[in-house]
Amino acid sequence: MIEPEEDLSDYSKDEESADLLEMQVPMEHGGLRLDQALVKLFPEYSRSRLQDWVEQGLVTVNGKAGSVKQKVWGGEHISVSPQIHPSEQPYHAEDIPLDIVYEDDAMLIINKPVGLVVHPGSGNWQGTLLNALLHHAPQLADVPRAGIVHRLDKDTSGLMVVAKSLVAQTALVRQMQARSVKREYLALVWGELDRDYTINVPIGRHPSQRVKMATTESGKEAITHVGIEERFPYCTLVRCRLETGRTHQIRVHMTHIGHPLIGDAVYQRGTQKCSPQLRELLNGFPRQALHATQLALNHPVTGERMEFHSPLPEDMEELLEQIDEASDAIE
């Protein structure tokens, strides 16, 4: 089942000004560190957020800026000036160009460029696809996640569908859950594949590196069909069809079978076998060589089956040409 990465929630809430919070430290809290006392006094806020406010000078103890590790002994007057976290701010429309492959009243098909973050998050609260969508179609402010129903990584290019109404969004999410949305990717991977693969290995969060995913028995079902498109020395262009939609699925599965993506700094393990002539070229590619090339779905209103294609982006095409040239030089 392809599951939405977030609950469908309204991101268009009004911006609120946060009032000053004041409290006297009870005597029974004497001996605690300031951050520990703050958690007890203001349980509606997380400890990490309270610590951030202390470090920003937004917490005073008896009128003086506090420090996280200072002790309180009871009776002190605490004043906190809470700041609204960026994730709680309403998202703003930004005039960011979009490569629109198709658009009607129900949906948009976007060809996402490399480097564009899909949804605001830590370190990327502006300049995202969501901000661009709000500028292109202001009515998307009334649709959860501005109509986004699936994502591509920042450094993955290619086709995405965006719903323009709640009805369309619900229909598209249901199609994804029913696996009737067909998504195919082109990927350049290390090594020379000798056959096609169907990889059926569960994927879950990496047990120790929380920014990574991993193949794990306790993970969720993940199925990727891999077909050979073109062979090159020391690498292969493959077409990957997703049957499920786990985070980093293609990147994790290709690494699992010993063929990580060219340019994937997160999942590429060790030094890959390669000629000296090609190593510098392949190691120099600045992002994972992955492109969402085909998207097929039923129109969320009419039910008509529709299919969209996007050719390889310029950087991947140029890389393949350079590989050909380098291969000719080797021969």
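Structure values in brief
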{"read-out": "Count - residues of region 284-331 that are of a type in the set (Ser, Thr, Tyr) and out of contact with any Leu (no Cβ under 9 Å at 6 or more places or on another chain)", "value": "1"}
{"read-out": "Residue check, Glu314 at pLDDT 95 or above, of a type outside the set (Val, Ile, Thr) and loosely packed, with under 13 Cβ neighbours inside 10 Å", "value": "yes"}
{"read-out": "Region 213-227: number of residues that are free of Cβ contacts under 8 Å to residues at least 40 places away in the same chain, hydroxyl-bearing (Ser, Thr, Tyr) and in contact with a His (Cβ under 9 Å, 6 or more places away or on another chain)", "value": "2"}
{"read-out": "Some residue of region 154-163 being surrounded by fewer than 15 Cβ atoms within 10 Å (Cβ to Cβ), modelled with pLDDT of 95 or more and not in a helix (DSSP H, G or I)", "value": "no"}
{"read-out": "Total residues in region 166-206, condition in contact (Cβ under 8 Å) with a residue 60 or more places away in the chain, part of a loop (DSSP other than H, G, I, E, B) and farther than 27 Å from Leu281 by Cβ", "value": "3"}
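The rows are residues; the columns are (1) surrounded by fewer than 17 Cβ atoms within 10 Å (Cβ to Cβ); (2) at pLDDT below 90; (3) farther than 28 Å from His299 by Cβ; (4) in contact with a Gly (Cβ under 6 Å, 6 or more places away or on another chain).
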| site | (1), (2), (3), (4) |
| --- | --- |
| His135 | yes, no, no, no |
| Val149 | no, no, no, no |
| Ala168 | no, no, no, no |
| Leu172 | no, no, no, no |
| Arg179 | yes, no, no, no |
| Ser208 | yes, yes, yes, no |
| Ala222 | no, no, no, no |
| Ile228 | yes, no, yes, no |
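The values are calculated or read from the model by the stated rules, or taken from the named source; none is laboratory data. Remember, predicted model here, so these are calculated numbers, not experimental data. Using ideal geometry, Cβ is built from the backbone for each residue, glycine included, and neighbour counts are taken over all protein chains shown.
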